[in-house]
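Everything below concerns the one structure shown next.
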Amino acid sequence: MTQAPHDQLARVVREHAGRLAAALVHVTGDFATAEDLVQDAVLAALRHWPADGIPQRPDAWLFTVARRRGLDLLRRESRYRSKVEQLKQLEELQWPVQPEPDARLRLIFTCCHPALSQQAQIALTLRVVCGLTTAQIARAFLVRESTVAQRITRAKRKITDAGIPYRIPDADELGARLSGVLAVIYLLFNEGYLSTAERAQSRDLVDDAEWLATLLHRLMPAEPEVAGLLALIRLHRARTAARFGPEGGLVLLQDQDRSRWDREAIGDATRLLTRAAKARRPGPYQLQAAIVACHAEAERWEDTDWKQIVILYDMLLHLAPSPVTRLHRAIALRYVTGPRAALTEVDSLAAELDRYHLFHATRAELLRALGDPDQARDADRRALELTANPAEQAVLQERIAWS
Amino acid sequence: MKYVLMFVETEQFANELQAMGPAERERAFARVHEWWEAHAGRITGGQKLQPAETATTVRLEGGDPVVVDGPFVEGKEVISGYVEIDVADLDEALRIAKSWPGCPVVEIRPVDVTTPVG
């Protein structure tokens, strides 16, 4: 046994908690009970492993704790005949219990069922599939632990009482249900990546999001949107090192030191995206990844293929119209048809985006490019009022002070 | 599992139904009839209700029962009918609800078989 550093602990728990949950749902036939047992085992692991080290067979260790706890619970309720049956099953159970190659896909689809609120889907997925504790989820989202606990209890009760099934959706529903799962992973990633929380605290969520996307891609290799989301996450992460300056300040894409980008990871992610595109089923995640790839592949800011980026935004808007996407398209448009045309486009979004800080920050940049520093400063001030992100606030404050 | 699908009518839907010609209304009813036929094996009961104007609500909270004219919630959405179905799980209930050709809102509620009504 070896001393267990924090991230190794997280990795081991993530790798085994979901498998254990899937095995226990298979044995007990009850999602809520299985989930409770896994959470107990994870909590025990987090108590013991930091000091004792990670056991050689962490999966068997977690399983033993969960089974012991399960037997305790069942003995207390042994007045039910059906529970006695379960008791026998649990006692005879040997690890590994592998009902099928990887039952975690069922787990994911149950956690992300559309009959649950999206917040509940996120919390459940993190706890059941990634093995996070309630306290860890609460810290990552800056909410009270009791709030997360309540969300999970309610969601589990609904799964049982409303008869939410534990299975992979049928082919005719798979597309819609998969979008729901991808939305959860994407939200997790965004929360970690753009988090207003302390960086150190939000790092795990980005890891969890990439891990979930990787797992989903392995389980559903033929789904191009899953590959698209995974490529999108990896393309962003490949440039993380250049996103923050020495003092922790946010560095804008234009000013980033591109030698610090992970070119190998960018190449891998781009190839993943190219393979996905061969299915000829474009979707919002593949298109967003393609846009990020255009930026990531440019050696210098001046080399960016803006025409291609505008075309990709047009395709994205066709599939998923949104004012925020139109704003991003307008930013790219500046480098194709000039700041005047871009500003006209941005101004047309005023009614919809007046409360969005990037709308005002973009206006400020365009006004500055058009030689109107006074109006630009006003727009930056408005943007500053609207963002709570300290890194973004710092960039805006500097711009107001120096322009 | 047993579920009740509660059909909810909106003001707009009622107006649209009102504005239909006889042939069109006939077709709308035929679609609903087909739906019932298609799911007959799963449907264990249910009825269309008379319009909300015919509703009477009794409030038993506090002292004496109070009888009030109208549905229990005053709103633009009113319950216009219900069916009880017996299916494997929520996904099957959702599939049936999604194919409903009538009013625009359907609420799905699992039936509580463990406790008496109340």
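Every number here is computed from the coordinates shown, using simple stated rules; none is lab data. Quick caveat, the model's predicted, so the values are computed rather than measured. Glycine also receives a Cβ, built like all others from the backbone with ideal geometry; neighbour counts cover every protein chain displayed.
Figures for the structure shown
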| item | result |
| --- | --- |
| C-alpha long axis of helix A:81-92 to longest principal axis of chain A, angle in ° | 80 degrees |
| Span-rule helices in chain B, defined as complete DSSP H runs reaching 15 Å or more along the axis (Cα) with Kyte mean at least -0.5 | none |
| By average C-beta atoms within 10 angstrom, highest first, the peptides A:166-178, A:56-68 | A:56-68, A:166-178 |
| When each of B:48/B:98; B:76/B:98; B:2/B:76 is checked by Cα-Cα distance, pairs over 24 Å | B:2/B:76 |
| Test item: B:105-115 mean partner chain Cβ contacts at 10 Å | 1 |
| Helical mean residue ellipticity (222 nm; -39500 (n - 2.57) per DSSP H run of 4+; nearest 500) of chain A | -23000 deg cm²/dmol |
| Electrostatic dipole magnitude of segment B:2-110 [Cβ: Lys, Arg +1; Asp, Glu -1; Cα centre; debye, to 20] | 280 debye |
| Peptide A:15-28, shielding by other chains (average Cβ, 10 Å cutoff) | 0 |
| Degrees separating the helix A:284-297 axis from the principal Cα axis of chain A, which is the longest one | 60 degrees |
| Residue B:100 long-range amide H proximity, modeled H, under 5 Å | none |
| Value of [θ]222 nm, deg cm²/dmol, for chain B, DSSP H segments ≥ 4, -39500 (n - 2.57) each, nearest 500 | -9000 deg cm²/dmol |
| Relative contact order of segment B:2-110, defined on C-alpha pairs under 8 angstrom at six or more residues apart (%) | 52 percent |
| For residue A:54, residues with placed amide H under 5 Å, excluding near neighbours | A:2, A:4 |
| Lysines with Cα under 30 Å of residue A:307, excluding same-chain neighbours fewer than 8 positions away | A:278 |
| Packing-based ranking, highest mean first, of A:139-147, A:110-118 given that Cβ atoms within 10 Å are counted | A:110-118, A:139-147 |
| 3J(HN,Hα) from dihedral phi, segment A:49-64, Karplus parametrisation 6.51/-1.76/1.60, rounded to Hz, x for glycine, proline | 5, x, 8, 7, x, 7, x, 5, 10, x, 5, 5, 4, 4, 4, 4 |
| Debye, to nearest 20: dipole size of segment A:197-341, +1 on Lys, Arg Cβ, -1 on Asp, Glu Cβ | 480 debye |
| Simple Cβ-charge dipole of the protein assembly as shown, Lys/Arg +1 and Asp/Glu -1, about Cα centre, in debye nearest 20 | 1280 debye |
| Degrees between helix A:323-337 axis and first principal axis of chain A (Cα, 0 to 90, nearest 10) | 40 degrees |
| Residue-wise HN-Hα coupling along segment A:112-128, computed from phi with Karplus coefficients 6.51, -1.76, 1.60 (Hz; x: Gly, Pro) | 9, 5, x, 6, 9, 5, 4, 4, 5, 4, 5, 4, 5, 4, 4, 6, 7 |
| Highest-first arrangement of B:19-29, A:342-352, where packing means the average Cβ count within 10 Å | A:342-352, B:19-29 |
| Residues of segment B:69-88 with amide N under 13 Å of the 7 Å Cα→Cβ point at residue B:36 | B:81-84 |
